[in-house]
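A short write-up of the structure that comes next.
The values are calculated or read from the model by the stated rules, or taken from the named source; none is laboratory data. Predicted model, so just to flag it, every value in this text is computed and none were measured. No Cβ is skipped: glycine too gets one built from the backbone with ideal geometry, and neighbour counts run over all protein chains shown. Please note that ligands, DNA and RNA were not included when accessible areas were found on the heavy atoms of the full protein model with its side chains. Shrake-Rupley method; radii C 1.70, N 1.55, O 1.52, S 1.80 Å.
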Amino acid sequence: MKTTISGALRLALRDEMTRDETVFLIGEDIGYYGGIFNVTKGLIRQFGERRVVDSPLDETGILGIGVGAAISGLRPVVEIMYVDFITTCMDQVINNAAKMPWLSQGQLKMPLTIRANFGTGKGDGPQQSQCVEAWFMNVPGLTVVEPSTPKDAYGLLLGSIRYDGAVLFLEHKLLYALQGEMEPDGRALPLGKGAVRQEGKDATLVSCGLMLHKAMRAAQELLEEGISLEVIDVRTVKPLDLELILESVEKTGRLVTVEENPYTGGWGLTVTDAVNRELFGKLKEAPLRIASLDVPVPVSNVMEEMVVPNVERIKREAGRLVRHGKGRQ
Amino acid sequence: MRMSIEDQKRLYRCLYLTRHTEEVLSDLYREKKSPYKPMTGIGQEAVTVGASFCLSEGDFVSPALRELGAMLTRGMSVRQHVLDALKKPESMSGGRFSAHHSGDISKGIILGTYIVGSNLPVALGVAFSLKYTESDRVVLAFFGDGASSTGSFHSAMNCSSTMNLPLVLVCNNNAYALSTPLRFQMKTPDIYIRAAGYGMEGVCVDGQDVCGVVEAVDKAVRKARAGGGPTLIECKTYRFRGHSESHDFDDGRPAEELSTWRAKDPLVIYRRFLLSGKKVDEKALRRIEREVEREVKEGMEYAFAAPELSADKVDMYTHLYADNGGREKNV
């Protein structure tokens, strides 16, 4: 069937709630309102107020309920309306959700999924458009998932809910309406496995989320100019599927990461680090990172467009790397 | 709660076990015979032990910092506590976590955290689970006057009341957040009055009188069990020692204040109460004390003699990620 990413997410929630009585949803405006981007629309009518919980406007309370419920036998799916709001409950995410299983030597399980929308493109500004994967990569114990297609959104959300550890499940707000083929077959995708979206031989583009789609456009346009790019969708930002990436870069000899987060300290550094470490002598060029400027996300669409990598910039920098080396401006 | 003579003796036993364990560990630390630096609840046992004493099998307790009394009353052994304190391989966390925040969910003790107030939202979540599964179990969560300034406290109060969850919030108001007195912490000296703003029942009791604590907490536990929602119980108490055993007793608190409170030792008060009832005599209490002293001695001996962690046997990554996620290590 053909559906959108938000439709696929809703199907995953519906199917898993039907299959498993311990799965419940909690968040702000997720019940009768249906969620700020309609992902949970209608679920409260199907499952009732017990399993679709409209919470107070309090992220610490939501996350606390998620953590406490997870260690006592339930499988909470909590929604943080915009991922930027997670700053107000970082304590629960970092100090409790990520650590309790390890601190208890596995006596406690943490089957907690934290869903949140994120990302630029709507003029939502500096506290409602951030791209925050890198904040969480530095926290041992967390898993960070970022789907880019309806099929992946469905399978990865099922995989996240069924996983016994804490998962931050990031949904790009510009991708909710993206359509694609998928089947609600109840099958989960494994976490930590990337996918090759396009095969190529001149360079490997590693990306995820909205940037993956921009990287694909750039790769398709560069193909017409005779440059063949392999595009990898990491799907899980932590842990990264480094095996898949290294295999590809060993073949192409060039690496470009395309990231929406600010350049300094971005998730792509983990990729370039692994590539430098493992493939140093085999690289044709130094790895190149394309990321957002090191500034807050502005509300002006004109300025936002300048901050975030676009197709033109990816084409220009990746093309130059293949043609001349030294992709950096 | 109507307590039989056996219950009363058991309660005294828990109080003395907590006091004696902390005193022995503190003495060992001060004599440099133990590396473990206790942060004791000496002086506050009527609250931690008394409140925990009201729970039944299957209930949960969420300790904050000075709640060894809660752990021991819920069935954690002295041996286990000292193993945790000495960071031995046999500790609950295998050397990964502090004895102050140790948990054992099989005994209903929820793993704690160093972050003040942060245990409250977790306790809230466990209470959510209990309501979700239509259980008649309850959660008892401890916190101090310091935690009452945090957002976590507000979250636990507001959400538990709004959702009518089986949570009993017990405040150990010992008048100091580390060194900061109440007058720098809040405008009113009372915390229980805040319950009204959340539509919750708030109760204040003398935290040195274990009978009063038991009565108030038992009532709140019964209410929560019956679906009546949460209660905030503030217990006015005092810490007889420093913030930790490495802090001098003279930590800025007025000497007069300290001596006034020390005269209200919860163990002395309860001992006197038991003897005045004429059903327990001095001999019976001495017997309990000797029994406890033997248990503590045996626990200490076992734990101190237990093998130390050795670097070549450390298992660093197990349980960092769940084993059903298709990978073993972080990248």
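All of (1) open to solvent by 90 Å² or more (accessible area, probe 1.4 Å); (2) within 25 Å of residue B:100 (Cβ to Cβ); (3) modelled with pLDDT of 95 or more hold for residue B:261 with one exception: (1). When the stretch A:100-118 is limited to residues that are in a loop (DSSP other than H, G, I, E, B) and either basic (Lys, Arg) or in contact (Cβ under 8 Å) with a residue 24 or more places away in the chain (or both), the one that is farthest from the other protein chains (Cβ to nearest Cβ) turns out to be A:112. Among the residues of the stretch A:130-147, is any in contact with a Gly (Cβ under 6 Å, 6 or more places away or on another chain), surrounded by 22 or more Cβ atoms within 10 Å (Cβ to Cβ), over 24 Å from residue B:152 (Cβ atoms) and acidic (Asp, Glu)? There is at least one residue in the stretch A:130-147 that is in contact with a Gly (Cβ under 6 Å, 6 or more places away or on another chain), surrounded by 22 or more Cβ atoms within 10 Å (Cβ to Cβ), over 24 Å from residue B:152 (Cβ atoms) and acidic (Asp, Glu). Residues of the stretch A:72-99 that are open to solvent by 20 Å² or more (accessible area, probe 1.4 Å) and within 7 Å of another protein chain (Cβ to nearest Cβ): A:72, A:73, A:91, A:95.
Is the stretch A:182-190 home to any residue that is open to solvent by 10 Å² or more (accessible area, probe 1.4 Å) and under 19 Å from residue A:242 (Cβ atoms)? Taking every residue of the stretch A:182-190 in turn, at least one turns out to be open to solvent by 10 Å² or more (accessible area, probe 1.4 Å) and under 19 Å from residue A:242 (Cβ atoms). Yes or no: the stretch A:47-58 includes at least one residue that is touching a Ser or Thr at 6+ places or on another chain (Cβ under 6 Å), at pLDDT 95 or above and buried (at least 24 other Cβ atoms within 10 Å of the Cβ). Looking for residues that are touching a Ser or Thr at 6+ places or on another chain (Cβ under 6 Å), at pLDDT 95 or above and buried (at least 24 other Cβ atoms within 10 Å of the Cβ), one finds none in the stretch A:47-58, hence no.
Residue count for the stretch B:210-248 under the criterion of being in a loop (DSSP other than H, G, I, E, B), out of contact with any helix residue (DSSP H, G or I) (no Cβ under 8 Å at 6 or more places or on another chain) and closer than 16 Å to residue B:176 by Cβ: the result is 6.
Could you go through the stretch B:238-246 and let me know if any residue there is surrounded by fewer than 18 Cβ atoms within 10 Å (Cβ to Cβ) and under 22 Å from residue B:7 (Cα atoms). Taking every residue of the stretch B:238-246 in turn, none turns out to be surrounded by fewer than 18 Cβ atoms within 10 Å (Cβ to Cβ) and under 22 Å from residue B:7 (Cα atoms).
The rows are residues; the columns are (1) within 12 Å of chain A (Cβ to nearest Cβ); (2) under 17 Å from the mean Cα position of the chain (by Cα).
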| residue | (1), (2) |
| --- | --- |
| B:121 | yes, yes |
| B:125 | yes, no |
| B:173 | no, yes |
| B:185 | no, no |
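Cβ-Cβ contacts under 7 Å between residues 6 or more apart (or on different chains), taken from a first residue in the stretch A:155-166 that is away from chain B (no Cβ under 12 Å) to a second residue that is open to solvent by less than 10 Å² (accessible area, probe 1.4 Å) and among the aromatic types (Phe, Trp, Tyr), are listed as A:157/A:169.
Of the residues screened, residue B:112 is one that is farther than 19 Å from residue A:78 by Cβ, open to solvent by less than 10 Å² (accessible area, probe 1.4 Å) and modelled with pLDDT of 95 or more. With respect to the conditions (1) within 12 Å of another protein chain (Cβ to nearest Cβ); (2) under 24 Å from residue B:134 (Cα atoms), residue A:47 lacks only one, and its number is (1). Kindly indicate whether any position in the stretch A:260-275 is surrounded by fewer than 20 Cβ atoms within 10 Å (Cβ to Cβ), farther than 19 Å from residue A:8 by Cα and among the charged types (D, E, K, R). The answer is yes, given that some residue of the stretch A:260-275 is surrounded by fewer than 20 Cβ atoms within 10 Å (Cβ to Cβ), farther than 19 Å from residue A:8 by Cα and among the charged types (D, E, K, R). Looking across the stretch B:128-153, the residues that are over 16 Å from residue B:64 (Cβ atoms) and either at the interface with another protein chain (Cβ under 10 Å from one of its Cβ atoms) or in contact with a strand residue (DSSP E or B) (Cβ under 9 Å, 6 or more places away or on another chain) (or both) come down to B:128, B:129, B:130, B:131, B:132, B:133, B:134, B:135, B:137, B:138. May I ask you to verify whether residue B:73 is open to solvent by less than 20 Å² (accessible area, probe 1.4 Å), within 25 Å of residue B:239 (Cβ to Cβ) and of a type in the set (Ser, Thr, Tyr)? Judged against the criteria, residue B:73 is not a match.
All conditions but one from (1) more than 14 Å from every other protein chain (Cβ to nearest Cβ); (2) more than 23 Å from residue B:51 (Cβ to Cβ); (3) open to solvent by 10 Å² or more (accessible area, probe 1.4 Å) apply to residue B:322; the one that does not is (1). Listed by first and then second residue, the pairs with beta-carbon distance under 6 Å, at least 6 apart or on different chains, first residue in the stretch B:11-31 and closer than 15 Å to residue B:69 by Cβ, second among the polar types (S, T, N, Q), are B:14/B:73; B:22/B:40.
Annotation: residue B:29 fulfils all but one of (1) part of a helix (DSSP H, G or I); (2) in contact with a helix residue (DSSP H, G or I) (Cβ under 8 Å, 6 or more places away or on another chain); (3) of a type outside the set (Val, Ile, Thr); (4) surrounded by fewer than 19 Cβ atoms within 10 Å (Cβ to Cβ); the unmet one is (2). Looking only at the stretch B:187-209, residues that are within 30 Å of residue B:251 (Cα to Cα), in contact with a helix residue (DSSP H, G or I) (Cβ under 9 Å, 6 or more places away or on another chain), open to solvent by 30 Å² or more (accessible area, probe 1.4 Å) and of a type outside the set (Val, Ile, Thr) come to 5 in all. Please indicate, with yes or no, whether at least one residue in the stretch A:208-222 is within 24 Å of residue A:140 (Cα to Cα) and in contact with a strand residue (DSSP E or B) (Cβ under 9 Å, 6 or more places away or on another chain). Yes, the stretch A:208-222 contains a residue that is within 24 Å of residue A:140 (Cα to Cα) and in contact with a strand residue (DSSP E or B) (Cβ under 9 Å, 6 or more places away or on another chain). Picking from residues in the stretch B:269-298 that are β-branched (Val, Ile, Thr) and more than 18 Å from residue B:21 (Cβ to Cβ), the one that is least open to solvent (accessible area, probe 1.4 Å) is B:280.
If you go through the stretch A:233-260 and pick out every residue that is charged (D, E, K, R) and assigned to a loop (DSSP other than H, G, I, E, B), you end up with 3. The residues on offer are B:184, B:142, B:153, and the sole one that is touching a Pro at 6+ places or on another chain (Cβ under 7 Å) and either among the small types (Gly, Ala, Ser) or at negative phi (or both) is B:142.
Across the stretch B:133-171, the number of residues qualifying as open to solvent by less than 10 Å² (accessible area, probe 1.4 Å) and part of a helix (DSSP H, G or I) comes to 8. Residue B:202 meets each of the listed conditions (1) part of a strand (DSSP E or B); (2) within 19 Å of the chain's Cα centre (by Cα) apart from (2). I'm trying to understand the selection: among the residues of the stretch B:96-132, which are basic (Lys, Arg) and part of a loop (DSSP other than H, G, I, E, B)? Answer for the stretch B:96-132, where residues must be basic (Lys, Arg) and part of a loop (DSSP other than H, G, I, E, B): just B:96.
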